[in-house]
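Step one of this worksheet: look at the structure below.
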Amino acid sequence: MHANTIWPQPNRIPRWAGITTLIPSYFAAMALGFPWRLNVNRLYARALLKTLGIRCHIHGNLPKTSSLLVSNHVSWLDPFLCAQLGKVSFVTSTDTLRDPLLGSITRCAGCQFVSRKALDVQQELEAMKRSHSAGTHLAIYPEGTSGNGLNLLPFRSSFFEVAMQRNMPVQPIALRWNKEVAHYYGDMSFGPHLAQIVASQGLEATIEFLPLLYPQDFADRKGICAASAKSIANSNTIKTRFEPYPNIDTLDCFHAT
């Protein structure tokens, strides 16, 4: 983007009107028990991004067959970037449930909640395998939480076991927001952050699909976890935006075993 690009000031009233229409209608659609939940998620993700005036730059495509989508994570908006592209179900932290509205939306979307505690991993893996259906993609954020966008947090390898057991290709995805206002992490509250997003202008997201990784090429989940972290850290999307980087050869990809 050129430095002299001029963005019109966002009109907050239409944005708030759109959001207050989208959220209850989304809940109503899901309450009817539609069997096409992931299609509804895709439509509403597109509508929300458009309502918020978010422009997306997409490099590549979702794989044609079921895959494990692996991405860096900096915002509650990240899942909507992937959901708009196809049939994607998500694994998210139980921390999401702390906010009533965000927790209700993720429950309604059919997200699989995980505590990321070592004692719960095996049970959560089984739940993930049961909830994932053929022809769809399963998305995880192996950092375990959202970061500040300055570098990658350590990747956790546990949930890569789903790909190993099901022989699912792993699709690394690099995400980048052009403005720090999109970043949501730490003790930030959802309501005030949503208000900042509504008031923002010129917000853009870049989504880069990186080369697929195949389970048969790795000895175990830790190997494919490390390769995913390295692929994302070295991507054009991340590398052209964030400096300095962690030492990607020593990333702690084995946080949860």
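Quick note: the coordinates plus some simple rules give every number you see, no bench work behind them. This is a predicted model, so every value here is computed, not measured. Cβ: placed from backbone, ideal geometry, glycine included. Neighbour counts: every protein chain shown.
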For the range 39-105, diffusion coefficient by Stokes-Einstein and Kirkwood Rh (Cα), 37 °C, 0.692 mPa s, µm²/s: 249
Amide H contacts of F90 (H built 1.01 Å from N, under 5 Å, at least 5 apart or other chain): Q112, A139
Label-point separation, S189 to T20 (7 Å along Cα→Cβ), nm: 1.9
Cross-link table K179/K222; K50/K87; K50/K230, entries beyond 30 Å C-alpha to C-alpha: K179/K222; K50/K230
For a label point 7 Å along the Cα-to-beta-carbon line of N234, residues of the range 161-175 with backbone N under 13 Å: none
